[in-house]
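Novice: Let me give you the structure first, and then I'll get to my questions.
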Amino acid sequence: MEKIHIICVDDEREVLESVAQDLELLSEVFTVELCESAAECLELMDDIDAEDDHVAVVISDQVMPDKSGVELLTEIAEDGRFKHTKKLLLTGLATQADTIRAINHAQLDNYLEKVWQPEILQLLTKQLLTRYIVEKGIDYQPYVSHLDAPTLFKLLQ
Amino acid sequence: MFTRYLKYILPILIPCIILLLPTTAFGIDGLTQIEQRVIAIFVLAALCWVLEPIPIYATSVVIIVLELLLVSDKGLWFTKVPSDDLGQLISHKTIMGTFASPIIMLFLGGFFLAMAATKYRLDTNLARVLLKPFGKDPKYVMLGLMMITAIFSMFMSNTATTAMMLSILTPVLALFKMEDMGKVAFALSVPVAANIGGIGTPIGTPPNAVALKYLVDDNAISFGQWMAFGVPFVVVMLFIAWVLLSRLFPASEKEINLNIKGKFLKTPKAITVYATFILTILLWLMGGLHGMNSYVVALIPVAIFSMFNIITKEDLKKISWDVLWLVSGGIALGVALDKSGLAANAVNAIPFAAAHPLLLIVAASLLCLLMANFMSHTATANLLLPLVAALGASMHSLLPYGGEVALILAVTFAASLGMSLPISTPPNALAFASGHVKTKQMAKVGVILGVIGMLVTYAMIAILNQMGFMA
């Protein structure tokens, strides 16, 4: 079974932990990693890539001290190694300009407002994981119980 | 801890032990070295397909490469040292040829048809039109769904058909009430129909292709002939499955509305696809009238779709080469058993002739059904059919009951009827992923349909035999 990572980035520890809690069900088969800054996230992704493992989903906050969420996700989007990595922006404080940049440059897959409903975050993450796995040509069978079935059916046709 | 590695250790250890034993240790008179190596390869294949330490198609490739290295006329130098008991080396061209055997070409043609149909949305559009007459009563909508799934899976892969039908179905099932058993019935109806539907044509499912390898010369069955008994079998089984599902899991919902969007494409390319589809099937059904057999016909759509850029270079990469290789490995295994002389030798050494022929048919098909529930249908067919074919050819007491053909068909049908667990087939896994079905419910339906399916198979063979089909 391939090692597939979900990375959550937020400068506030409590937010990170609540995201991790919402994704607990997924951590049975996927690895959920928590980063407190954009720099930490990029470094971790470097390491994961060097191990030939997968970064399937990055869930990032927008407002962070040195590098914003959109900047981080744009950097990931432009990196050829992570062209299939799915990106979710989680924020309460994004201006319209941020939002436009997020969609045009960071090629955002999903946008979720703080405070979110745990089920919604879980569902969106599952959908993104399913898309990543099918697009990357990873055998979906071992993960099937943790994927989003309707998305899977659509992609397998 | 140790048991975790057993699935890697056993497939290496046991074949090695077999290779090191003296040729006299097997209780088969005049066993040659080549035959002994074939036994080792066969055992390796069986262990790898059952325990799955590597992907099942990889096992097939390993079989072919090991045969080339160990028993072919161009193998490793020390495998060809002349001696009295060396035996018959197999031509390397024959072994490599299994990658492009006519049966593989037949499947390739089927893949092209299915890909083009999906690409030009012939499948969803047909589903939309064909579902209309079934109205809105859940019971009849389910019947319609099952019939359409079965028809599609006769020509497309069972997995792709299931994915398509389930994606039509899931938005509707989401509207059902929490405790409505109808959800279970609907979610199960699709994989059940896909598994059963595959039996209908030679290209419906890979085990059928493997069977064709052993139905040659006097026993040859044409595309049309296969459908002549396959389709009625599918119809009977579908009806039984429908009654069973609607009795076991009645829907409380009064009305159900399947909403499939889209229109038939009317571009020149789409029309080419429709025409080629119809032409190919007609040519298949006409049998020998035009002088072409089904293998030759299968390559016509390949040429047409490539020519008009309907299947592009990129589409070509999406062909399920793993399925083709999986079948190739099975064919190569059969070739090795046959050409080395092992099949004939071993059958003579084991006193099967003493057993009652009907007992043999029942035992072989039940073993196949059991194996198919726990492992890949194609791998099961790959392993059992060469043995069964060798056995059938040598048993004269089988002749009054339909001979070799009866035995091969019973085992082939059994391979497709293994569907009681989520791991039994990819369609089952997908239905399970939908979250509407519990393993226990799937097992109940699967076991009942497996047993009834075998009884219907025996009845069908008896009728075919009465009609003189297998003479």
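The values are calculated or read from the model by the stated rules, or taken from the named source; none is laboratory data. Bear in mind that the values here come from a model prediction, so they are computed numbers and not experimental data. Note that we place each Cβ from the backbone using ideal geometry, even for glycine, and neighbour counts take in every protein chain shown.
Novice: Return a yes/no flag: does region B:418-427 have any residue that is away from chain A (no Cβ under 14 Å), in a helix (DSSP H, G or I) and either within 16 Å of the chain's Cα centre (by Cα) or not acidic (D, E) (or both).
Specialist: Within region B:418-427 (the criterion being away from chain A (no Cβ under 14 Å), in a helix (DSSP H, G or I) and either within 16 Å of the chain's Cα centre (by Cα) or not acidic (D, E) (or both)), the answer is no, since none of the residues qualifies.
Novice: Would you mind telling me which numbered condition in (1) away from chain A (no Cβ under 13 Å); (2) of a type in the set (A, V, I, L, M, F, W, C); (3) buried (at least 21 other Cβ atoms within 10 Å of the Cβ) B:F176 fails?
Specialist: (3)
Novice: Mind listing just one residue for me: the one in region A:127-142 that is in contact with a helix residue (DSSP H, G or I) (Cβ under 7 Å, 6 or more places away or on another chain) and at pLDDT 90 or above and, of those, surrounded by the most Cβ atoms within 10 Å (Cβ to Cβ)?
Specialist: Of everything passing the filter in region A:127-142, A:T130 is surrounded by the most Cβ atoms within 10 Å (Cβ to Cβ).
Novice: Shifting gears a bit: Could you figure out which of (1) closer than 24 Å to B:S320 by Cα; (2) surrounded by 24 or more Cβ atoms within 10 Å (Cβ to Cβ) isn't true of B:L407?
Specialist: (1) is the only condition that B:L407 fails.
Novice: Got a sec? Which of B:T124, B:T94, B:T98, B:T79 is within 23 Å of B:G262 (Cβ to Cβ) and among the hydroxyl-bearing types (S, T, Y)?
Specialist: B:T124 is the lone residue from the list that is within 23 Å of B:G262 (Cβ to Cβ) and among the hydroxyl-bearing types (S, T, Y).
Novice: Out of region B:188-225, which residues are assigned to a loop (DSSP other than H, G, I, E, B) and not hydroxyl-bearing (S, T, Y)?
Specialist: Selection gives B:P202, B:I203, B:G204, B:L215, B:V216, B:A220, B:I221.
Novice: Where in region B:1-94 are the helices (runs of 4 or more DSSP H), entirely inside, with at least 2 residues that are within 14 Å of chain A (Cβ to nearest Cβ)?
Specialist: Working: elements: B:2-20, B:33-51, B:56-70.
Of the helices (runs of 4 or more DSSP H) lying wholly inside region B:1-94, those with at least 2 residues that are within 14 Å of chain A (Cβ to nearest Cβ) span B:56-70.
Novice: Still on this structure, I have one more. Kindly check whether there is at least one residue in region A:115-123 that is within 18 Å of A:E28 (Cβ to Cβ) and within 12 Å of another protein chain (Cβ to nearest Cβ).
Specialist: Taking region A:115-123 and keeping what is within 18 Å of A:E28 (Cβ to Cβ), we get A:118-119, A:121-123.
This time we only want the ones that are within 12 Å of another protein chain (Cβ to nearest Cβ), so: none.
No.
Novice: Within the set of pairs 6+ apart or on separate chains, which have a first residue in region B:10-28 that is in the same structural domain as B:A343 (by the TED database), a second that is among the basic types (K, R) and surrounded by 15 or more Cβ atoms within 10 Å (Cβ to Cβ), and C-beta atoms under 8 Å apart?
Specialist: Correct list of pairs: B:L19/B:R37.
Results for (1) hydrophobic (A, V, I, L, M, F, W, C); (2) modelled with pLDDT of 90 or more; (3) not assigned by the TED database to the domain that holds B:V297, shown as yes or no for each residue.
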site: B:A114; (1), (2), (3): yes, yes, no
site: B:K119; (1), (2), (3): no, yes, no
site: B:V141; (1), (2), (3): yes, yes, no
site: B:M147; (1), (2), (3): yes, yes, no
site: B:A150; (1), (2), (3): yes, yes, no
site: B:F155; (1), (2), (3): yes, yes, no
site: B:T162; (1), (2), (3): no, yes, no
site: B:L166; (1), (2), (3): yes, yes, no
site: B:T170; (1), (2), (3): no, no, no
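Novice: Identify, by number, the condition in (1) under 14 Å from B:G435 (Cα atoms); (2) out of contact with any Phe, Trp or Tyr (no Cβ under 9 Å at 6 or more places or on another chain); (3) away from chain A (no Cβ under 14 Å); (4) in a helix (DSSP H, G or I) that B:A150 doesn't meet.
Specialist: Here B:A150 meets the rest and fails (1).
Novice: Taking the criterion of being surrounded by 14 or more Cβ atoms within 10 Å (Cβ to Cβ), within 14 Å of chain B (Cβ to nearest Cβ), under 17 Å from the mean Cα position of the chain (by Cα) and under 27 Å from B:I319 (Cα atoms), would at least one residue in region A:82-89 satisfy it? Give the steps one after another, and end with the answer.
Specialist: Narrowing region A:82-89 to residues surrounded by 14 or more Cβ atoms within 10 Å (Cβ to Cβ): A:82, A:84-89.
Narrowing further to those that are within 14 Å of chain B (Cβ to nearest Cβ): none.
No - not one qualifying residue is present in region A:82-89.
Novice: Then there's this: Quick one: what pairs do we get from region B:260-274, first residue in the same structural domain as B:A117 (by the TED database), second hydroxyl-bearing (S, T, Y) and in a loop (DSSP other than H, G, I, E, B), C-beta under 6 Å, 6+ apart or different chains?
Specialist: Partner pairs satisfying both residue conditions: B:L265/B:Y120; B:A270/B:Y120; B:V273/B:Y120.
Novice: Taking only pairs six or more apart or across chains, which ones have beta-carbon atoms under 6 Å, a first residue in region A:130-156 that is within 9 Å of chain B (Cβ to nearest Cβ), and a second residue that is polar (S, T, N, Q) and not in a helix (DSSP H, G or I)?
Specialist: Between residues of region A:130-156 that are within 9 Å of chain B (Cβ to nearest Cβ) and residues that are polar (S, T, N, Q) and not in a helix (DSSP H, G or I), the close pairs are A:A149/B:S434.
Novice: To continue, here is another question. Return the only residue of B:G182, B:G197, B:G110 being among the small types (G, A, S), modelled with pLDDT of 95 or more, out of contact with any Lys or Arg (no Cβ under 7 Å at 6 or more places or on another chain) and on the phi < 0 side of the Ramachandran plot.
Specialist: Step by step, each of B:G182, B:G197, B:G110 is checked, and only B:G197 is among the small types (G, A, S), modelled with pLDDT of 95 or more, out of contact with any Lys or Arg (no Cβ under 7 Å at 6 or more places or on another chain) and on the phi < 0 side of the Ramachandran plot.
Novice: With the checklist (1) under 30 Å from B:A303 (Cβ atoms); (2) surrounded by fewer than 18 Cβ atoms within 10 Å (Cβ to Cβ); (3) in contact with a strand residue (DSSP E or B) (Cβ under 8 Å, 6 or more places away or on another chain) in hand, flag the one item B:T94 doesn't pass.
Specialist: (3)
Novice: Still on this model: Answer with yes or no whether B:P15 is over 28 Å from A:I138 (Cα atoms) and either loosely packed, with under 15 Cβ neighbours inside 10 Å or of a type in the set (G, A, S) (or both).
Specialist: So B:P15 does not fit the description; no.
Novice: Take the residues in region B:156-167 that are buried (at least 22 other Cβ atoms within 10 Å of the Cβ) and of a type outside the set (G, A, S); name whichever of them is farthest from the other protein chains (Cβ to nearest Cβ).
Specialist: So, considering only residues that are buried (at least 22 other Cβ atoms within 10 Å of the Cβ) and of a type outside the set (G, A, S), the one farthest from the other protein chains (Cβ to nearest Cβ) is B:N158.
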